[in-house]
Amino acid sequence: MTTIAAAFIGLVLDAVLGDPRWLPHPVVGMGKTITKLGGWLRRRFPATPAGQRAAGRVLAIALPVGTFVLSGGILFAAWLINFWASFILSCIMCYQVLAMGELRKQSMRVIQQLHEGGLDAARHAVGQIVGRDTACLSTEGVVRATVETVAENASDGVVAPLFYLMIGGAPLAMAYKAINTLDSMVGYKNDDFIDFGRASAKLDDAANWIPARLDALAMVAMAGCVGLSTKGAWRIWRRDHANHASPNSAQTESACAGALGVQLAGDASYFGKVVHKPTIGDDLRPIETDDVRRANRLMVASSLLAFAVFALVRAGICWAWGAAMAG
């Protein structure tokens, strides 16, 4: 039950605090490690497609495993001191693998900038939370990109970490965070990373396969509770859940698009190149700034439902295991 309690406290801390800049974050350390270790590996392996794929595989294994061992070692060392030291550190780790509060804060900041600073300020703000080129986005494009990143990162940043927290505690959630960070830094299909980042991208796809689908179902289940369309979420998810090059991204994006009654995705520019992508959802009405707030409500509601279900399943398994051992 301590894992459930630590995850709950982490979820509350994340919702209240977000990610303040003054607080050291493990993702920063992961990013520096990826840059240094990745550069070292690329120099040590042949500069051929096969050589760079091999270097990428080493990085994709080394960082998550190293993160798991390091996190587990820190918690074990704290446990040797006393239970509460270990529990407090576990709560902090749980807090730092979750991104619900910061995702909401940064997405709403885009809309604030759009209203107060104009389109250029909003383009800059959305550029901080999406991977696409934002310099030429229209107002509608800025809002659409913001809604998409809320929908997609509801799984990557909240539900997936919660999923792995309930399976293997803070160390496994930290390992997942390392996988996710690898994908965000090297998992691109451009000339520089097409070979080196392949293993990281595939590993991230595998790690998110179950959580993305669970979160999509949670969005469908909670759409009506936050004033959105349950019927639309279910219909569009069933129809458009595969409308993306990633096997996972369209899961939550389609559920969100259907719940809102808007169209997401479509063509986008990355590193100066236009990437043609299918649309997700029906163009029933123009997308508007309030859709960012609605998407956030859906993200929070589906995340809380996922936490409740995961916690109940873990508690049930722990109770059954305890009863079996006692018997």
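Using the Cα coordinates of segment 8-160, the gyration tensor eigenvalues translate into equivalent-ellipsoid semi-axes of 32, 26, 11 Å, sorted from longest to shortest.
Between segment 145-161 and segment 176-209, the C-alpha centres lie 16 angstrom from each other.
Cβ-to-Cβ counts within 10 Å put CYS225, CYS91 in ascending order as CYS225, CYS91, the fewest first.
Backbone amide hydrogens, once placed in the peptide plane, bring SER269 within less than 5 Å of ASP133, VAL275, excluding anything fewer than 5 places away on its chain.
Computed across segment 1-95, the Kirkwood radius stands at 15.5 Å (inverse of mean 1/r, all Cα pairs). Between the alpha-carbon centers of segment 258-290 and segment 48-114, tell me the distance in whole angstrom. Segment 258-290 and segment 48-114 have Cα centres spaced 30 Å from each other. Against the empirical curve 2.2 N^0.38 Å, the C-alpha radius of gyration of segment 150-223 lands at a ratio of 1.16. Note that segment 203-216 has calculated 3J(HN,Hα) couplings of 5, 5, 4, 5, 5, 9, 4, 6, x, 4, 6, 5, 5, 4 Hz, one per residue in order, obtained from phi through the Karplus relation 6.51 cos²θ - 1.76 cosθ + 1.60 (θ = phi - 60°); glycine and proline are x. For segment 66-76, backbone phi angles converted through the Karplus equation (6.51, -1.76, 1.60; θ = phi - 60°) give residue-by-residue couplings of x, 5, 4, 5, 5, 4, x, x, 5, 5, 5 Hz, Gly and Pro being listed as x. Full extension of the chain between ALA324 and ASP192 gives 42.2 nm of extra length, using 0.36 nm per residue less the Cα-Cα distance. Shape summary: segment 181-327 maps onto an equivalent ellipsoid whose semi-axes, from the alpha-carbon gyration tensor, are 31, 25, 11 Å in decreasing order. Close amide-amide hydrogen proximity is noted between THR279 and GLY266, each under 5 Å apart and 5 or more residues distant or on a separate chain (H modeled in the peptide plane; Pro and chain starts excluded).
Grab the alpha carbons of the chain, take their convex hull, and tell me the volume per residue in Å³.
150 Å³
Can you give the percent of C-alpha pairs in segment 225-267 whose distance is more than 12 Å? Roughly 52 percent, rounded to a whole number.
Using 0.36 nm per residue and subtracting the Cα-Cα separation, the extra length available between HIS25 and HIS115 on full extension is 29.4 nm. Applying the criteria of a DSSP loop state and at most 13 other Cβ atoms within 10 Å to the chymotrypsin sites (Phe, Trp or Tyr not before Pro) of segment 225-327 yields PHE271.
Summed over qualifying helices (DSSP H, 4 residues or more, each -39500 (n - 2.57)) and divided by its residue number, the chain shows a 222 nm mean residue ellipticity of -25000 deg cm²/dmol.
Where a number appears in this text, it was derived from the coordinates with a stated rule and is not lab data. Here the structure is a predicted model, which means the values were calculated and not measured. Heads up, the Cβs are rebuilt from the backbone with ideal geometry, glycines too, and the neighbour counts pull from every protein chain shown.
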